[in-house]
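K.L.:
Mind having a look at this structure? Questions to follow.
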Amino acid sequence: MVSQTAEYALRTIIWLASSADVPLTTQQIAEATRVPPGYLAKILQSLGRAGLVKSQRGIKGGFVLVGDPHSLTPWDVVKVIDPVRRIEHCPLGLENHRSVLCPLHRKLDAAMAQIETALAGVTIADLVEEAGGEPPFCGS
């Protein structure tokens, strides 16, 4: 239930968190995270506008993580890139479902709540540490 764009953003943030504040170019990040460079550039723009990364110009320029990975959660990243929307009212607008969601929408909302809880309950630093300092990417 997390979009591919959100997963790409999470890979990027985790990679930057593991890079020890060394600026990385879009190409370096794309190769390491296996995210298409053009797509990554758009993700980095979104992350930059949200204040999660910053770019440094110049010969040793690139992108770095802003802030402390010990206080940044995957949920913080997902909310910026592709927020998981909770179901508060019947999406069909059915009158008899206004105050109580139907069983299907209750289950869907409960699943979304579990995703939110899981992603908010761990930090980016925890994920880097769990991987032994290497980003936890499939196939790497």
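The values are calculated or read from the model by the stated rules, or taken from the named source; none is laboratory data. Just so it is clear, the model here is predicted, and its values are computed rather than measured. Here Cβ is always computed from backbone atoms with ideal geometry, including for glycine, and neighbour counts include all displayed protein chains.
K.L.:
Is there a residue being on the phi > 0 side of the Ramachandran plot and charged (D, E, K, R) anywhere in the range 39-48?
P.N.:
Among the residues of the range 39-48, not one is on the phi > 0 side of the Ramachandran plot and charged (D, E, K, R), which makes the answer no.
K.L.:
Within the range 14-27, does at least one residue satisfy the condition of being in contact with a strand residue (DSSP E or B) (Cβ under 8 Å, 6 or more places away or on another chain) and under 21 Å from Ala118 (Cα atoms)?
P.N.:
Yes.
K.L.:
Sticking with this structure for a sec: When residues of the range 18-67 are filtered for being in contact with a Leu (Cβ under 6 Å, 6 or more places away or on another chain) and within 17 Å of Asp82 (Cβ to Cβ), how many remain?
P.N.:
The number of residues fulfilling the criteria is 1.
K.L.:
Where in the range 35-140 are the helices (runs of 4 or more DSSP H), entirely inside, with at least 1 residues that are over 17 Å from Thr12 (Cα atoms) and modelled with pLDDT of 95 or more?
P.N.:
On the way: elements: 37-49, 74-81, 103-120, 124-130.
Here the list reads 103-120.
K.L.:
Something else now. Please state which one of Ser55, Ser46 is farther than 28 Å from Ile115 by Cβ, among the small types (Gly, Ala, Ser) and without any contact (Cβ under 8 Å) to a residue 60 or more places away in the chain.
P.N.:
Answer to the check: Ser55.
K.L.:
Which of the residues belonging to the range 1-59 are of a type in the set (Phe, Trp, Tyr) and over 24 Å from Ala120 (Cα atoms)?
P.N.:
Residue satisfying the conditions is Tyr39 alone.
K.L.:
State which residue is surrounded by the most Cβ atoms within 10 Å (Cβ to Cβ) when the search covers only the range 58-106 and only residues that are touching a residue at least 60 places away in the same chain (Cβ under 8 Å) and among the β-branched types (Val, Ile, Thr).
P.N.:
Within the range 58-106, the match that is surrounded by the most Cβ atoms within 10 Å (Cβ to Cβ) is Val77.
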